[in-house]
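K.L.:
So that we are looking at the same thing, I have put the structure below in structure tokens.
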Amino acid sequence: MDQTQAHLPEEPNRFIGREREIAELRRMLRQVRALTLCGPGGIGKTRLALRILSGAADEFPDGIWLVELADLRQPDLVISRVAAWIGVSEEAGRPLLDTLADALRPRRLLLALDNCEHLIEACAQLSRRLLADSPGLRLLNTSREPLRIAGETAWPVPPLSVAPPDAGQDAGDVARCEAVRLFGDRAAAARPGFAVDAGNAAAVAAICRALDGVPLAIELAAARVRVLSPEQIKARTDDRFGLLTAGDRSAAPRQQTLRATIEWSHELLDPAERILFRRLSVFAGWSLEMAEQVCADDEIPAGDVLGLLAALVDKSLVGTEPAVLGQVRYRMLDTIREYAAVRLAETGEAGPFRHRLRDYSLQTAEHNGALGLARIPASWPDRVDALRRYDVEAGNVARVLTWCLEDADAETGLRICAAVSPCWIVWGTFAEGRGWLDSFLALDAEGVPAGVRGAATVVRAQLALPSDPAAAESLVRAGLELCREAGDEFWTAVGLNLLTEITLHTGRTGEAAASADEALAIAQAAGDGWNEGYALGTRAALAAGTGQLREAEQLARASVAVMRRIDQQWGAARALLGLGDLARLRGHPGEAHSRYVEALPVLQEVGARPEIARCLAGLGRVALDLGATGQARPHLAGSLQLSQATGSRIGVARGLEACAALAVDEHRPELAVQLVAAASALREAAGLPPLPGARAERYLAPARRLGDAEVARLWARGLALSSEEAVALALEEDLSGDGRAPGVADAYEVAAAPPSSLTRREQQIAALIATGHSNKAIAEELCISPTTAARHVANILAKLGFRSRTQIAAWVADRASAPYPRRTSRGLTTGRAPGHGALRPGRGPGVSDGPAR
């Protein structure tokens, strides 16, 4: 099966056995809505699920997703984890679960939640809602216990088959057993040349029986062939299991066996290896540098950590992962980490080493936060790496924040939240940030310094702005008071800039001007380039909103200059979007196009999807201004699809309006009326300002010749459309030309799709997709994280209007054989005066739809 349609991690090694189970589970998956693979740790639930998922892509045209939950400890973050994994972002004024359910409703996809047992209630509630709202959804979950929801089929994962005690000694007969096949494969990987033969078949069969066919136990035992013969391994397993079974009769036999296997592997370690092994259990994943800083002390010097870590890798107690940011990553299987954590607690070291990881995470987060917000000098690549580093360390940050909550350590928790908040804001994961901050702000924080609480409160206001501007204003005013009390000029300026945005959006231009001026004065006096550029952008928005377009342009250019001076290119890109809007408003479409094209690669680099959608929309509208409808189509389609995928109702409403403008240009007034009606309905449902009457009439006027009754009928039809139906209508009738929506055609049919504004990095990734690279392989090739690779792939699909990687591959092949005609330097070939949707009311250069960043 072609895995290019599946969003799955690569399997680390060859899958062995379970042919009958795979066939049965694939049949069941066609018959039931929810299937949960149950069993103890180490039984192979995740590997079996991956094998099922990898063979099902043809049956689920909208994708297959495996969401890993093992590192998550907060039940209220399950929804945001699933939404982030699938690519659905929170929208203003609406619960994320509603947005996620709406986004999945029209799709036929297969979703797997991996390792649900510690979040069982949250997973059950999410599964109930999604199954109720999404008829095309199937769930395949793994858990140590069933979710116990209606329609669920719980399927116990059995051990691998083993040879019975009275089996013959024939090596061929023994080797056909699944457990023996697994042992032989993993032993050959540990010691090249190893094979199950007549001399060792009986011992290998006995090992597999003693281990009850549990895959993890067998893999650990097979790794020992580096230093022991199968007969020696058999003798040791026999001794250990007899002792452990007698010691704990309350545990299930297979759990006894698994614990005994890990216990035995642990006892084979030398004393220094044991110390490092248990200390590493504090991590969700780590690099060598992290292990040296957190785990080293007088017992284990930092210089010894590399050798000890390599020994643990060799003994299969620690696994390696692809390098990220130039450093190889390591992790333990969950069951092994749980055992190591028990050992750490028994020695009394759990508290001290949790604190060491806490201190390391705080220091790293604050350093990376300062890099991201240009509080310390650095190059733009270093600032991008700081963002990616949080992506890599999110599991460790979650563990540390959980411990801080358990210890009621509000100060550390709030400091970490403030430091990582730029990541939440750039990616739009507002629900995650609000969940953590609300928990810490609710603690009795009597001893927390005013500056720490003030900064966290300002951040909480930033996260509230998209959904509740009134609450955001109350929070930012409280945060400002604390920041002023602490004399913290940086966060005072951030708060004032945020207050400027809030008051500007609510029409209080006098208040907005006062807070913008104060923020600018504070930032300039302190040499704070981030807040200076931020304040210049808000002042530009103020000028544009009051009709002072020339002054607005000067301020926006000054904002770009400051952001570039401090090498904060994301801030510069946001100001460039405002300049693009302003150029369109002033009747300079060529300049607007250049601004959008200049901003797009930076936005793509950091994965700022809502702003990517805005940028694509700007490019599409410029093309419309110039009558280049053929070039407008891919940009508007990409913007609309990206807004729909991320759950942005304002983005969808504006995208439908842009498609209505395209319909007008193509002399299809009936379609234009329906799309603008659907956009109006969506605005009302989302509590957004209504479409101005004059702008609506621009789209309705061409249809007036049809008669008022027909216009009313078309308007009513558009009002009745759901968001999904309206998007399908826009894409199918407006943007495909063959009566079908882009992305649903076969691969050979979409190869001629016109090129979109793919960045150089996206072109690299598209080329790798065409050669069969998975996300993990792309990450290894380009030295980026798998999550970053997945974001790039999602953006490519959205821009090109495709739904599968196969379509991307066909498109790449087609371009290689028949290049698309080269465009002019501005990318546009015709010209006319602007006429559609220039700078949106109430917005200006440097100000986005969301909160201040």
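The values are calculated or read from the model by the stated rules, or taken from the named source; none is laboratory data. These numbers were taken from a predicted model, which means no experiment stands behind them. No Cβ is skipped: glycine too gets one built from the backbone with ideal geometry, and neighbour counts run over all protein chains shown. Accessible surface areas use protein heavy atoms only, side chains included; no ligands, DNA or RNA. Shrake-Rupley method; radii C 1.70, N 1.55, O 1.52, S 1.80 Å.
K.L.:
Hey, what's the stretch 349-469 come to in accessible area per residue, 1.4 Å probe, Å²?
P.N.:
34
K.L.:
Take Ala525 and Glu145, extend 7 Å from each Cα along the Cα→Cβ direction, and tell me the distance between the two endpoints in nm.
P.N.:
5.9
K.L.:
Compare the peptides 463-470, 341-348, 262-269, 605-612 by average per-residue count of other Cβ atoms within 10 angstrom and give them in order, highest first.
P.N.:
My ranking of the peptides, most packed first, is 605-612, 463-470, 262-269, 341-348.
K.L.:
Compute the FRET efficiency between Arg550 and His367 as 1/(1 + (r/R0)^6), taking r as their Cβ-Cβ distance and R0 = 45 Å, and round to the nearest 0.05.
P.N.:
0.65
K.L.:
For the stretch 536-553, just list the computed ³J(HN,Hα) in residue order, Karplus coefficients 6.51, -1.76 and 1.60, θ = phi - 60°, integers in Hz, with x standing in for Gly and Pro.
P.N.:
4, x, 5, 5, 5, 4, 4, 5, 5, x, 9, x, 8, 5, 5, 5, 4, 5
K.L.:
Tell me the net charge near Gln524. Cut-off is 14 Å between Cβ atoms, Gln524 excluded, with +1 for each Lys or Arg and -1 for each Asp or Glu.
P.N.:
So the surrounding residues net to -3.
K.L.:
Hey, another quick one. Can you give me the % of accessible surface on the chain that is carbon or sulfur? Probe 1.4 Å, all protein chains present, nothing else counted.
P.N.:
On the chain, the fraction of accessible area on carbon and sulfur atoms equals 52 percent.
K.L.:
Calculate, for the stretch 1-159, the solvent-accessible area per residue in square angstrom, rolling a 1.4 angstrom probe over the heavy atoms of the protein chains.
P.N.:
38
K.L.:
Shifting gears a bit: With an 8 Å cut-off on Cα pairs and a minimum separation of 6 or more residues, tell me the relative contact order of the chain in percent.
P.N.:
It rounds to 11 percent for the chain.
K.L.:
Apply the Karplus curve 6.51 cos²θ - 1.76 cosθ + 1.60, θ = phi - 60°, to the phi angles in the stretch 196-203 and return the couplings in whole Hz, x for Gly and Pro.
P.N.:
Computed from phi, the couplings for the stretch 196-203 are 7, 9, 4, x, 10, 4, 5, 5 Hz.
K.L.:
Could you tell me, in Å, what Rg and Dmax come out for the Cα atoms of the stretch 497-626?
P.N.:
14.4, 45
K.L.:
While we're on this one: Just to confirm, what accessible area per residue do you get for the stretch 495-652 at 1.4 Å probe, in whole Å²?
P.N.:
Result: 27 Å² per residue.
K.L.:
Per 0.36 nm of contour for each residue apart, how much would the distance between Asp197 and Asp359 grow if the chain were fully extended, relative to their Cα-Cα spacing?
P.N.:
That pair, Asp197 and Asp359, stretches by 53.0 nm at full extension.
K.L.:
What does DSSP give for the chain in terms of the percent of beta bridges that are antiparallel, rounded to the nearest 5?
P.N.:
20
K.L.:
Starting from the amide H of Ala34, placed 1.01 Å from N in the peptide plane, find each other amide H under 5 Å away whose residue is 5 or more places distant or on another chain.
P.N.:
Answer set, sorted by chain and number: Leu139, Thr153.
K.L.:
Turning to a different aspect of this structure: Just to be sure I understand the curve: with the Debye formula and one point per C-alpha of the chain, what is log10 I(q)/I(0) at q = 0.09 Å⁻¹?
P.N.:
Computed log10 I(q)/I(0) values: -0.94.
K.L.:
From the phi angles alone, apply the Karplus equation (6.51, -1.76, 1.60; θ = phi - 60°) to the stretch 508-521 and give each ³J(HN,Hα) in whole Hz, x where the residue is Gly or Pro.
P.N.:
Going residue by residue, I get 9, 5, x, 5, 4, 5, 5, 5, 5, 5, 5, 4, 5, 5 Hz, with x marking Gly and Pro.
K.L.:
For Arg33, what accessible area in Å² do you get when you roll a 1.4 Å probe over the heavy atoms of the protein chains, rounding to the nearest 10?
P.N.:
70
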